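Engineer: Here it is, the structure in full.
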Protein chains: 4
Amino acid sequence: MQTVMTVEEIREFLRVEFPQINALGEAFSVEEVSDGQAVMRLRVGKMHLRPGGTVSGPAMMTLADLAAYTAILAHVGPVALAVTTNLNINFLKKPAEGDLLATCSLLKLGKRLAVVECGIRSVGEDDLCAHATATYSLPPR
Amino acid sequence: MQTVMTVEEIREFLRVEFPQINALGEAFSVEEVSDGQAVMRLRVGKMHLRPGGTVSGPAMMTLADLAAYTAILAHVGPVALAVTTNLNINFLKKPAEGDLLATCSLLKLGKRLAVVECGIRSVGEDDLCAHATATYSLPPR
Amino acid sequence: MQTVMTVEEIREFLRVEFPQINALGEAFSVEEVSDGQAVMRLRVGKMHLRPGGTVSGPAMMTLADLAAYTAILAHVGPVALAVTTNLNINFLKKPAEGDLLATCSLLKLGKRLAVVECGIRSVGEDDLCAHATATYSLPPR
Amino acid sequence: MQTVMTVEEIREFLRVEFPQINALGEAFSVEEVSDGQAVMRLRVGKMHLRPGGTVSGPAMMTLADLAAYTAILAHVGPVALAVTTNLNINFLKKPAEGDLLATCSLLKLGKRLAVVECGIRSVGEDDLCAHATATYSLPPR
């Protein structure tokens with residue numbers, strides 16, 4: 001599975017099409033795309049925290065969904081509009097303080113459905129904080 | 001399964017313990033709790049929208065998680081700290097413009113795990129926009 | 001959502017098209033279909049049991065998948081071939097000895113995807129033993 | 001995460017404790033265990049097939065559950081009794097004719113919960129036929 005967009009092209013696309021994502025500052029940013037994969041960073045800010053300073057579940061779900069969407073975008077191009085149909089996430093351990101990285105792999109890129117796996121880690125750590133799989137419905141191409 | 005907190009008590013608890021939830025305005029509010037159930041409203045604002053005016057997936061995931069947490073809180077009380085371990089959501093149709101209601105039912109309230117089902121609808125509509133199930137780990141009580 | 005097949009027609013269809021299901025005896029049988037719903041019974045036999053006499057997880061997963069498939073069949077008719085794309089199941093409590101009933105509701109019956117919710121109970125009990133949601137890809141109709 | 005049982009010990013344990021699994025022939029067999037991982041083979045027989053000769057969804061769900069259970073067993077030992085609490089599976093493509101291999105990785109091995117990821121492939125193929133994540137409740141150790 002080969003990428004058809006660069007990191008810069010994806011950033012520009014998200015900036016134009018999904019201005020709400022980063023309405024409150026550049027929280028989510030694409031870091032890397034390669035064959036079958038994409039990496040997104042969440043710059044953790046106050047709005048993503050729960051009491052005790054841990055990143056909230058919804059912030060990690062948002063990261064997983066956006067990172068998985070980006071992985072598809074990178075391989076399908078900016079025309080197609082993928083819609084999330086299912087997302088399943090397991091929360092595995094409390095993230096450390098600091099930014100999170102979501103590493104996504106395309107499990108399937110079919111005509112109608114794409115399925116993506118996503119592991120979320122604190123920057124610099126090996127252990128997963130959360131693991132998600134998400135399915136997207138693809139428009140006819 | 002009987003409730004041990006009123007709507008007012010839950011609102012106060014969330015206000016104190018989770019100020020981040022509504023940092024940007026009173027978006028999420030508990031509407032109703034009854035035996036085995038809870039209803040939460042999302043007052044949809046600009047930050048919850050995607051292009052075309054539809055409510056974003058992450059906004060619905062946040063609503064599902066918070067509403068399910070509230071359903072547990074209402075039956076376990078403010079002492080216990082429940083932690084989401086799994087959330088699975090199916091997106092079924094685009095929400096209409098306007099607020100969303102999440103209606104939650106406790107499927108299980110065990111010693112260690114609680115499982116909640118959550119249906120999300122546009123206010124005044126019968127059809128589901130999304131349907132989630134979520135599992136929470138409960139501390140020893 | 002109206003049914004287009006009767007219980008008898010569905011039984012005959014499954015008998016002809018899926019002989020493997022009941023290769024070892026009439027374990028799975030459609031009990032009831034009505035608008036948006038279907039009920040299937042698992043006649044629990046030795047092959048469905050785990051040590052201690054409890055019904056195995058895989059037997060409940062098979063029941064959930066088959067019951068959900070049947071709910072779709074009842075509303076789409078015998079021509080269409082639905083394929084499971086996702087199944088999520090929560091196991092809530094050990095079933096009592098004896099048969100299980102799976103009660104399914106169509107959450108969505110779209111052009112391309114159908115989503116079904118399924119509750120599994122021991123016959124005569126109120127509490128759920130398991131709760132599943134499943135998604136099926138539908139062929140063009 | 002280090003293994004505490006060998007392949008032979010696991011086979012013997014399953015033979016004694018779960019005779020039903022292979023009541024109809026040696027369909028499921030542990031192939032390999034290593035740190036954090038386990039591989040199980042399904043010797044596909046008639047009972048696992050659907051019309052057209054493809055392996056049924058329930059056969060793959062059974063394989064995923066059993067393989068994930070085995071991965072935990074290998075790291076926790078034969079005393080502990082793990083119980084499946086959640087299983088989520090995405091079906092990605094029709095398996096080729098022939099046996100299936102399930103490759104499992106422990107995502108988390110906590111005090112109370114273990115989470116396992118499982119990829120299912122036809123023997124000799126790279127592409128996934130199915131991908132599952134499963135959660136198990138662990139007894140006090």
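The values are calculated or read from the model by the stated rules, or taken from the named source; none is laboratory data. Since the structure is predicted, the reported quantities are computational estimates derived from the model, not experimental observations. Because the Cβ atoms are built from the backbone with ideal geometry, glycine has one as well, and the counts that use them run over all protein chains shown. Accessible surface is based on the protein model in full, side chains and every heavy atom, while ligands, DNA and RNA are left aside. Shrake-Rupley method; radii C 1.70, N 1.55, O 1.52, S 1.80 Å.
Engineer: Looking at (1) within 18 Å of residue C:62 (Cα to Cα); (2) outside any helix (DSSP H, G or I), can you tell me which one residue D:62 breaks?
Structural biologist: So residue D:62 meets the others, but not (2).
Engineer: Which one of the conditions (1) of a type in the set (A, V, I, L, M, F, W, C); (2) out of contact with any Pro (no Cβ under 6 Å at 6 or more places or on another chain); (3) within 21 Å of residue A:28 (Cβ to Cβ) does residue B:55 fail to meet, given that it meets all the rest?
Structural biologist: (2)
Engineer: Which condition does residue A:62 not pass, out of (1) touching a Pro at 6+ places or on another chain (Cβ under 7 Å); (2) open to solvent by less than 20 Å² (accessible area, probe 1.4 Å); (3) without any contact (Cβ under 8 Å) to a residue 40 or more places away in the chain, if it passes all the others?
Structural biologist: Just one mismatch for residue A:62, condition (2).
Engineer: Which of the residues spanning the range D:88-107 are within 14 Å of chain C (Cβ to nearest Cβ) and of a type outside the set (Val, Ile, Thr)? If you could, list the steps in order and put the result at the bottom.
Structural biologist: Looking only at the range D:88-107, we keep the residues that are within 14 Å of chain C (Cβ to nearest Cβ), and these are D:88-95, D:102.
Answer for the range D:88-107, where residues must be within 14 Å of chain C (Cβ to nearest Cβ) and of a type outside the set (Val, Ile, Thr): D:88, D:90, D:91, D:92, D:93, D:94, D:95, D:102.
Engineer: Among the numbered criteria (1) at pLDDT 85 or above; (2) surrounded by fewer than 18 Cβ atoms within 10 Å (Cβ to Cβ), which single criterion is violated by residue A:22?
Structural biologist: With respect to (1) at pLDDT 85 or above; (2) surrounded by fewer than 18 Cβ atoms within 10 Å (Cβ to Cβ), residue A:22 is out only on (1).
Engineer: Among the residues of the range A:1-19 satisfying the criterion of being among the hydrophobic types (A, V, I, L, M, F, W, C) and in a loop (DSSP other than H, G, I, E, B), which is surrounded by the most Cβ atoms within 10 Å (Cβ to Cβ)? Break it down stepwise before answering.
Structural biologist: Within the range A:1-19, the subset among the hydrophobic types (A, V, I, L, M, F, W, C) is A:1, A:4-5, A:7, A:10, A:13-14, A:16, A:18.
From the residues that got through so far, the ones that are in a loop (DSSP other than H, G, I, E, B) too are A:1, A:4-5, A:18.
Values: A:1: 15, A:4: 13, A:5: 19, A:18: 16.
Among them, the one singled out is A:5.
Engineer: With the structure loaded, tell me whether residue C:1 is away from chain D (no Cβ under 14 Å), in contact with a Gly (Cβ under 7 Å, 6 or more places away or on another chain) and at pLDDT 95 or above or whether it fails that test. Don't jump to the end; show me each part of the working.
Structural biologist: Values: away from chain D (no Cβ under 14 Å): yes; in contact with a Gly (Cβ under 7 Å, 6 or more places away or on another chain): yes; at pLDDT 95 or above: no.
So residue C:1 does not fit the description; no.
Engineer: Hey, could you check the range D:65-82 for residues that are farther than 20 Å from residue A:131 by Cβ and of a type outside the set (A, V, I, L, M, F, W, C) and say which is most open to solvent (accessible area, probe 1.4 Å)?
Structural biologist: So, considering only residues that are farther than 20 Å from residue A:131 by Cβ and of a type outside the set (A, V, I, L, M, F, W, C), the one most open to solvent (accessible area, probe 1.4 Å) is D:78.
Engineer: OK, next. Can you name the residue in the range D:66-87 that is outside any loop (DSSP other than H, G, I, E, B) and away from chain C (no Cβ under 13 Å) and is also nearest to residue D:1 (Cα to Cα) among such residues?
Structural biologist: Of the residues in the range D:66-87, the ones outside any loop (DSSP other than H, G, I, E, B) are D:66-76, D:83-87.
Checking which are away from chain C (no Cβ under 13 Å) leaves us with D:70-76.
Numbers: D:70: 14, D:71: 11, D:72: 10, D:73: 12, D:74: 10, D:75: 7, D:76: 10 Å.
Here the residue is D:75.
Engineer: In addition: Collect the residues in the range A:4-35 that are more than 14 Å from chain B (Cβ to nearest Cβ) and touching a helix residue (DSSP H, G or I) at 6+ places or on another chain (Cβ under 8 Å), keeping them in residue-number order.
Structural biologist: Within the range A:4-35, A:4, A:5, A:10, A:29, A:30, A:31, A:32, A:33 meet the criteria.
Engineer: Let me ask something else about it. How about the range B:94-141: which of its residues are touching a residue at least 40 places away in the same chain (Cβ under 8 Å), over 29 Å from residue A:83 (Cα atoms), open to solvent by less than 50 Å² (accessible area, probe 1.4 Å) and assigned to a strand (DSSP E or B)?
Structural biologist: The answer is B:114, B:137.
Engineer: Okay, next question. Just to be sure before I move on: is residue A:85 more than 14 Å from the chain's Cα centre (by Cα) and open to solvent by 10 Å² or more (accessible area, probe 1.4 Å) in the structure I sent? Outline the logic, then answer.
Structural biologist: Details: more than 14 Å from the chain's Cα centre (by Cα): yes; open to solvent by 10 Å² or more (accessible area, probe 1.4 Å): yes.
Criteria met by residue A:85.
Engineer: Would you confirm whether or not the range C:36-56 contains a residue that is away from every other protein chain (no Cβ under 13 Å), part of a helix (DSSP H, G or I) and buried (at least 24 other Cβ atoms within 10 Å of the Cβ)?
Structural biologist: Looking for residues that are away from every other protein chain (no Cβ under 13 Å), part of a helix (DSSP H, G or I) and buried (at least 24 other Cβ atoms within 10 Å of the Cβ), one finds none in the range C:36-56, hence no.
Engineer: Which residue, of C:46, C:93, is touching a Lys or Arg at 6+ places or on another chain (Cβ under 8 Å), farther than 26 Å from residue B:128 by Cα and of a type in the set (Lys, Arg)?
Structural biologist: Values: C:46 fails: touching a Lys or Arg at 6+ places or on another chain (Cβ under 8 Å).
One residue alone meets the criteria, C:93.
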